[in-house]
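J.: Provided herewith is a single structure, encoded as structure tokens, for subsequent inquiry.
The values are calculated or read from the model by the stated rules, or taken from the named source; none is laboratory data. As the structure is a computational prediction, the values presented were derived from the model and not from experiment. Cβ sites come from the backbone with ideal geometry, for glycine too, and all protein chains shown count toward neighbours. Accessible surface areas use protein heavy atoms only, side chains included; no ligands, DNA or RNA. Shrake-Rupley method; radii C 1.70, N 1.55, O 1.52, S 1.80 Å.
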Amino acid sequence: MHNYTVTLKSPLPYHAPPSHPIFSLPLNPRQFVLPLSPQKTGGSIYHNPVFICKGTQLSVPSHGSASLGPSNGNGAAVHDWKVRSVGIENIDVATLGNLCVDIVLNVPKLPPRSREASFAYMQELSKSPPDKKYWEAGGNCNMAIAAARLGLHCATIGHVGDEIYGQFLLDVLREEGISMVGMSEDGDIVDSSNASYETLLCWVLVDPLQRHGFCSRADFCEDPAFSWMTKLTEEVKMAIKQSKILFCNGYGFDELSPALIMLALDYAVEVGTSVFFDPGPRGKSLLTGTPEERQALSHLLKMSDVLLLTSDEAESLTGIGNPILAGQELLKNGIRTKWVIIKMGSRGSILVTMSSISCAPAFK
């Protein structure tokens with residue numbers, strides 16, 4: 001087996017905490033060695049190199065090369081916490097939208113498939129809050145918490161309501177050292193009794209066979225849950241400008257209008273903040289969504305510095321089953337795209353740039 005050496009360069013200035021063990025190989029330029037195993041048949045060697053990454057064999061097409069292109073009960077503490085957190089400087093990662101509370105429940109059977117029956121099922125669940133032991137910070141909170149635990153300075157940009165679920169989410173973020181920047185302006189009239197202003201809940205339902213079902217009020221709305229937000233506040237702009245990375249995902253479209261997401265993207269590009277975009281399962285539905293959704297998805301795919309997708313998601317967006325070729329296609333169609341990361345579950349992940357390919361094994 002031969003070794004093929006490639007150099008990976010970070011698409012953004014990166015300053016990781018040097019003392020943290022996870023950063024023993026930071027994203028500054030490094031030499032990564034990939035095992036390169038040429039296919040042999042009858043003593044001859046094909047020109048198509050095969051990359052083997054922790055049990056995953058990937059053939060690189062011959063027409064390319066190895067160098068592939070505290071609360072007072074009335075919401076006042078919530079407001080104060082949001083205001084105080086705006087002053088943070090030097091943010092490593094800020095997330096955009098998709099702040100929700102996951103409520104994980106074991107149920108005898110999953111909700112019915114019809115839209116009307118599912119909505120009635122969710123309404124029944126919502127009548128009384130389940131015990132807090134079933135609550136979890138969900139959505140982009142997961143990414144922010146994981147990054148914060150690696151030693152990065154993180155902020156979340158979005159909206160939570162002034163009710164028990166919003167207070168829970170803010171408490172969790174505060175405990176993790178993550179700042180919250182609210183997207184509503186001081187002059188906005190926020191009616192806490194109106195469901196449109198409440199913290200978004202996602203009911204995660206698990207049946208006896210360990211099958212999962214998900215339902216949220218966003219599933220039953222024609223418009224995004226927080227469609228009343230139409231512009232970026234000065235606080236939001238400041239948070240984006242002070243961040244090295246703005247992280248967006250496809251589920252953000254459940255809360256924010258496509259126009260508002262594009263405003264955030266364009267502002268990040270304008271002020272030099274790198275954009276990471278993970279379309280997730282919503283990418284496929286956005287591809288066939290409204291004209292505004294399709295335009296925003298295309299804009300994110302072209303203007304993001306880094307794209308993160310599963311192999312299935314990459315195929316659904318490009319029509320190409322080979323993950324390396326799909327990554328190449330996304331790079332070729334991008335304007336600012338520097339990295340495409342294809343996630344392959346237990347088989348690890350692949351990083352494709354214009355000049356290199358790298359593999360990383362999966363965590364157990």
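J.: Anything in segment 319-338 that is of a type in the set (Val, Ile, Thr), buried (at least 17 other Cβ atoms within 10 Å of the Cβ) and over 19 Å from the mean Cα position of the chain (by Cα)? List them, or say none.
T.: Scanning segment 319-338 gives a single hit, Ile324.
J.: Now, a different point. Tell me the residue from Ile342, Ile245, Ile240 that is modelled with pLDDT of 95 or more, open to solvent by 10 Å² or more (accessible area, probe 1.4 Å) and not in a loop (DSSP other than H, G, I, E, B), please.
T.: Result of the check over Ile342, Ile245, Ile240: Ile245.
J.: Which one of these is of a type outside the set (D, E, K, R), open to solvent by less than 60 Å² (accessible area, probe 1.4 Å), closer than 30 Å to Gln123 by Cα and more than 17 Å from the chain's Cα centre (by Cα): Val204, Val271?
T.: It is Val204.
J.: A further question on this structure: Open to solvent by 40 Å² or more (accessible area, probe 1.4 Å), touching a Lys or Arg at 6+ places or on another chain (Cβ under 8 Å) and among the polar types (S, T, N, Q): does that describe Thr310?
T.: Yes; evaluated as a whole, the condition is true for this residue.
J.: Further question: State the number of residues belonging to segment 275-296 that are at pLDDT 95 or above and open to solvent by less than 10 Å² (accessible area, probe 1.4 Å).
T.: Qualifying residue count for the region: 4.
J.: Which of the residues belonging to segment 170-201 are open to solvent by 20 Å² or more (accessible area, probe 1.4 Å), at pLDDT 90 or above and of a type in the set (A, V, I, L, M)?
T.: Listed by number, the list holds a single entry, Val172.
J.: Using beta carbons and a limit of 7 Å, which pairs, at least six apart or on different chains, have the first residue in segment 138-151 and on the phi > 0 side of the Ramachandran plot and the second one surrounded by 19 or more Cβ atoms within 10 Å (Cβ to Cβ) and not in a strand (DSSP E or B)?
T.: Pairs found: Gly139/Asn98; Gly139/Tyr251.
Listed here are the residues, each with its yes/no results for (1) modelled with pLDDT of 90 or more; (2) closer than 15 Å to Asn98 by Cβ; (3) among the small types (Gly, Ala, Ser); (4) more than 21 Å from the chain's Cα centre (by Cα).
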| site | (1), (2), (3), (4) |
| --- | --- |
| Ser118 | no, no, yes, yes |
| Ser128 | no, no, yes, yes |
| Tyr134 | yes, no, no, yes |
| Met143 | yes, yes, no, no |
| Ala148 | yes, no, yes, no |
